[in-house]
1. According to a simple spin-label model (label point 7 Å from Cα along Cα-to-Cβ), what is the distance in nm between Leu255 and Leu10?
2. Label points 7 Å out from Cα along the Cβ direction at Phe332 and Val207: separation in nm?
3. Using +1 at the Cβ of each Lys and Arg and -1 at the Cβ of each Asp and Glu in the chain, identify which of Gly259, Met279, Ala387 lies farthest towards the dipole's positive end.
4. Given the options Ala103, Ala126, Ala337, which has the most mean-square fluctuation in a GNM of the chain, springs set between C-alpha atoms less than 10 angstrom apart?
5. If each residue's Cβ is checked for other Cβ atoms within 10 Å, how do Thr71, Thr248, Thr147 rank with the fewest at the top?
6. Before rounding to the nearest 500, sum -39500 (n - 2.57) across all DSSP H runs of length at least 4 in the chain and divide by the residue total; then give [θ] at 222 nm in deg cm²/dmol.
7. Report the label-to-label distance for Ile190 and Ala374 in nanometres (one decimal), using points 7 Å from each Cα along the Cα→Cβ vector.
8. Peptides 134-143, 89-98: what's the order by average Cβ count within 10 Å, highest mean first?
Amino acid sequence: MLSLFELATLLLALSALFGFLNRRLLHLPNSVGLLLLGLLASLLLVAANFLFPTVGLYDQIGQSLRQIDFTQIVFNGMLAFLLFAGALNVNVDALRRRAGAVAYLAIAGTLISTAVIGVLFYFATAWLGLAVPLPWALVFGALISPTDPVAVLSMLKGVPIPERLRVEAEGEALLNDGIGVVLFTLLLSIATGAGDLNLGTIAWDFVREAGGGIAIGLVSGYIAYRAMRAIDDFPIEVLITLALVTGTYALAQRLGASGPLATVAAGLLVGHRAPQDAMSEQTEKYVSALWTLVDEVLNAMLFLLIGLEVFVLDPSLTSVLVAVAAVPIALFARWAAVAAPLLVPFREGVNPRYVPFLTWAAVRGGISVALALALPQIEAKPVILAATYGVVLFSILVQGPTLGPFARRLKL
């Protein structure tokens, strides 16, 4: 068994090695290249086990990979830092102008997508002879509906699209993962029989977790902003941002609110207010450099982990069929959620020309995988895991790299 330090060393070494190979040989975006190389490494190990079953390499490496608690690493490690790094660079003024569209995509869009995916996945699995119960199909809908902020922000770099469309996609990605986690938690408690089916109670829990998270983030972000404004010492101000991230996320989780939404709210406030009058040019340079580095390093490790986690899946024909079936279901549900406002007369700000791009830009990533792996050991878990990996791999390896050509083809 590897120690925690040895596991961290292994992940960093593999991230550096695969990043180097991608830069020298593949020339793909880092997120795509690292996931692809991690996936290829997993498949090569599976093939080696098939060819040389007596060596036991598969079991040894599989045991080491199972030591990695992907869910804990994402939700109690990487996610807070990645969300804060992404929120720091968002244009808050532009986000405010597109607040209605972003709020719809992040809240109503996630709810619509969850419902559509849940119902279609229920019928698809029944047709395949797997019969996932409807409550668990809705849980799958909740975990796969949110676009992943890490993946979306990474994939949109360099894509030629209008600023308002970029703001909508980035703002939605930062907010809807928090909404999705709250919705996932509520539906999971209902599916396991631990939750209340009363709609009023569900709505209140949803508002309490989401609204509480945003409120905690705004308060803690403002305190950090005032503290940074009161001094001019870049090491301390950098330390304040680090403490803000960890403290805000931990406090929100402890109080039963949404940690992701709290971190995003804090990042948006500090990123918007602090450069105006709370940070010197030197401090702003160091803060920007730190969070850019954190973003790049954790991004690399996260996408590598997604590729390696495929190693622990059950590679059966049924899993492949479920994965293939889940992809068009997720794409159709995303299209339905984005296009729904066009069916009503009050649709100010909704541009029909943007619907295809927003549908294709729904890139899923580590958050969906982490939620799927966090499911209890139920009969439907292998099916949901296979479907989750199918959608995630398709979105990162196919949708992400083609966003630029797709945008140019649409002439946005």
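Taken together, the values in this text are just the output of simple stated rules run on the coordinates, not laboratory data. Computed from a predicted model, the values in this text were never measured in an experiment. Don't worry about glycine lacking a Cβ; one is built from the backbone with ideal geometry, like all the others, and counts go over all protein chains shown.
1. 3.9
2. It is 3.4 nm.
3. Result: Ala387.
4. Of Ala103, Ala126, Ala337, the most mobile in the Gaussian network model is Ala126.
5. On the way: Thr71 17, Thr248 28, Thr147 31.
Taking fewest neighbouring Cβ atoms as first place, the list is Thr71, Thr248, Thr147.
6. -24000 deg cm²/dmol
7. Roughly 1.8 nm, to one decimal.
8. Details: 134-143: 25.6, 89-98: 15.6.
Ranked by mean Cβ neighbours within 10 Å, highest first: 134-143, 89-98.
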